[in-house]
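What follows is a single structure, written as structure tokens, with notes after it.
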Amino acid sequence: MGRIDKRLRELGIVVPTMPKPIANYVPAKRVANIVYTAGQVSAAKDREYKGKLGVDFSIEQGRQATRACAINCLAAMLTVLDSLDKVKQLVHVGGFVNSAPEFQGQAAVMNGASDVLVQVFGEIGTHTRTAVGVAGLPLGYAASVYVIAEVE
């Protein structure tokens, strides 16, 4: 068992199996020593987060939604890596938050994704980040997050 697998177990995080994409794309792509994930939506094994921040969800619920997205990004990475121990560093995390027009808490919502990634990877999990509010997301999901990572 690798270092990151042990850390995931300590945190009680189960990385899901990546489902087949619903369109003509792949969940992750490796180019040389960089892995790019597709945007992963706010769905967990026991819950789907669908709706708008500022209407259907609080900031704390939004954090849970982006946390689910980030864990799904780990699953996407495992489609091109045999182990998350191959990650040298996270470079960038981008997030789209399905937001009501007056909602301004996108950065706070994205903390759910950033926090779990740093919990899992430690110092190499620190990253640059973009948090954007959008009028809607596919299938009505509350959030979508993608990751760019440098790997061995």
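Out of 101, 138, report the one residue that is surrounded by fewer than 16 Cβ atoms within 10 Å (Cβ to Cβ), more than 24 Å from residue 89 (Cα to Cα) and either under 16 Å from the mean Cα position of the chain (by Cα) or of a type in the set (Gly, Ala, Ser) (or both).
Values: 101 fails: either under 16 Å from the mean Cα position of the chain (by Cα) or of a type in the set (Gly, Ala, Ser) (or both).
Criteria check complete, one pass: 138.
Just to verify a result, which residue in the range 22-32, among those that are touching a residue at least 40 places away in the same chain (Cβ under 8 Å) and assigned to a loop (DSSP other than H, G, I, E, B), is surrounded by the fewest Cβ atoms within 10 Å (Cβ to Cβ)? Here the answer is 26.
Listed by first and then second residue, the pairs with beta-carbon distance under 8 Å, at least 6 apart or on different chains, first residue in the range 6-21 and on the phi < 0 side of the Ramachandran plot, second surrounded by 14 or more Cβ atoms within 10 Å (Cβ to Cβ) and small (Gly, Ala, Ser), are 15/75; 16/44; 16/75; 17/75; 18/75; 18/76; 21/38. Is it true that residue 74 is open to solvent by less than 10 Å² (accessible area, probe 1.4 Å) and within 16 Å of the chain's Cα centre (by Cα)? The answer is yes for residue 74.
If you take the residues of the range 85-98 that are surrounded by fewer than 21 Cβ atoms within 10 Å (Cβ to Cβ) and under 14 Å from the mean Cα position of the chain (by Cα), which of them is nearest to residue 49 (Cα to Cα)? Checked the range 85-98; the qualifying residue nearest to residue 49 (Cα to Cα) is 94. All of 120, 147 fail the test of being modelled with pLDDT of 95 or more and either surrounded by 23 or more Cβ atoms within 10 Å (Cβ to Cβ) or part of a loop (DSSP other than H, G, I, E, B) (or both), apart from 147. Is it true that residue 13 is at pLDDT below 95 and in a loop (DSSP other than H, G, I, E, B)? No: the conditions fail for residue 13. Checked against (1) open to solvent by 40 Å² or more (accessible area, probe 1.4 Å); (2) touching a strand residue (DSSP E or B) at 6+ places or on another chain (Cβ under 7 Å), residue 35 passes all but a single condition, namely (1). Is it the case that the range 40-61 has a residue that's part of a helix (DSSP H, G or I), touching a helix residue (DSSP H, G or I) at 6+ places or on another chain (Cβ under 8 Å) and either surrounded by fewer than 18 Cβ atoms within 10 Å (Cβ to Cβ) or of a type in the set (A, V, I, L, M, F, W, C) (or both)? Among the residues of the range 40-61, at least one is part of a helix (DSSP H, G or I), touching a helix residue (DSSP H, G or I) at 6+ places or on another chain (Cβ under 8 Å) and either surrounded by fewer than 18 Cβ atoms within 10 Å (Cβ to Cβ) or of a type in the set (A, V, I, L, M, F, W, C) (or both), which makes the answer yes.
The values are calculated or read from the model by the stated rules, or taken from the named source; none is laboratory data. Values in this document were obtained by computation on a predicted structure and should not be read as measured data. Please note: Cβ atoms are built from the backbone with ideal geometry, for glycine as well, and neighbour counts cover all protein chains shown. Just so you know, the surface numbers come from the protein's heavy atoms only, side chains and all, with ligands and any DNA or RNA stripped out. Shrake-Rupley method; radii C 1.70, N 1.55, O 1.52, S 1.80 Å.
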